[in-house]
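Read-outs: derived from the displayed coordinates by stated rules, not from any lab. Predicted model only: the values in this text are computed from it and were never measured. Please note: Cβ atoms are built from the backbone with ideal geometry, for glycine as well, and neighbour counts cover all protein chains shown.
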Amino acid sequence: MSLYAQATRHARRMLGVLVLAAGLVLVTDRFYGHSSLAFAAAIVMLLVANAPMLRFNCPRCGKNAFFRGPFVVPWPNRTCSRCGHDLGSPTPKNADG
Ligand SMILES: [Zn+2]
């Protein structure tokens, strides 16, 4: 599976977690009133779920697929934003040193 395919799968999973986290905050808000604790829990949930994002690096130059220049974006690049490597091509086994 290509790096891009793995990264998009992660992005979709993050979308699900985001909906879940927003739902948690909304439901808590509705039944218990405004809670910064629920908000904090949602943030922690998102941070933990997003940790694998750091693994999606360009095999050639190491640039993360979720970065466009210095900015983090919610959807991965198909081509590396630094060296232009095609991240959509399948990664050969034992290719990463
Ligand atoms: Zn690159």
(request) Specify whether the C-alpha gyration tensor of the chain places it in the rounded, prolate or oblate class, a ≥ b ≥ c being the square roots of the eigenvalues: rounded for a/c under 1.5, otherwise prolate if a/b is larger than b/c and oblate if not. (result) prolate
(request) Quickly work out the Ser89-to-Val73 label distance, labels modelled 7 Å from Cα along the C-beta direction, and quote it in nm with one decimal. (result) 2.1
(message) With +1 on the Cβ of every Lys and Arg and -1 on the Cβ of every Asp and Glu, and nothing else charged, how large is the dipole of the chain about its Cα centre, in debye rounded to the nearest 20?
(response) 280
(request) Return the calculated 222 nm mean residue ellipticity for the chain, to the nearest 500 deg cm²/dmol, obtained by summing -39500 (n - 2.57) across DSSP H runs with n ≥ 4 and dividing by the residue count. (result) -16000 deg cm²/dmol
(request) In a Gaussian network model over the chain where Cα atoms closer than 10 Å are linked, find which of Met14, Met53, Met45 has the largest mean-square fluctuation. (result) Met45
(message) If I fit a long axis through the Cα atoms of helix 36-50 and take the longest principal axis of the Cα atoms of the chain, what angle between them do I get, 0 to 90°, rounded to 10?
(response) 20
(message) How would segment 3-55 be classified by its alpha-carbon gyration tensor: rounded, prolate or oblate, with rounded meaning a/c under 1.5 and the a/b versus b/c comparison settling the rest?
(response) oblate
(message) Only Cα pairs within less than 10 Å get springs; with that Gaussian network setup on the chain, which residue of Phe39, Phe67, Phe31 has the largest fluctuation?
(response) Phe31
(request) Towards the positive end of the charge dipole of the chain, with charges on Cβ (+1 Lys, Arg; -1 Asp, Glu), say which of Leu46, Phe31, Trp75 has the farthest Cα. (result) Trp75
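Rounded to the nearest 0.05, what FRET efficiency is calculated for Ala5 and His34 with R0 set to 41 Å and r the Cβ-Cβ distance?
0.55
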(request) Provide the gained length on full extension for the span Val17 to Leu47, in nm with one decimal, where the gain is 0.36 nm per separating residue minus the Cα-Cα distance. (result) 9.8 nm
(message) Among Ala38, Ala51, Ala65, which one shows the highest mean-square fluctuation when the chain is modelled as a Gaussian network with alpha-carbon springs under 10 Å?
(response) Ala51
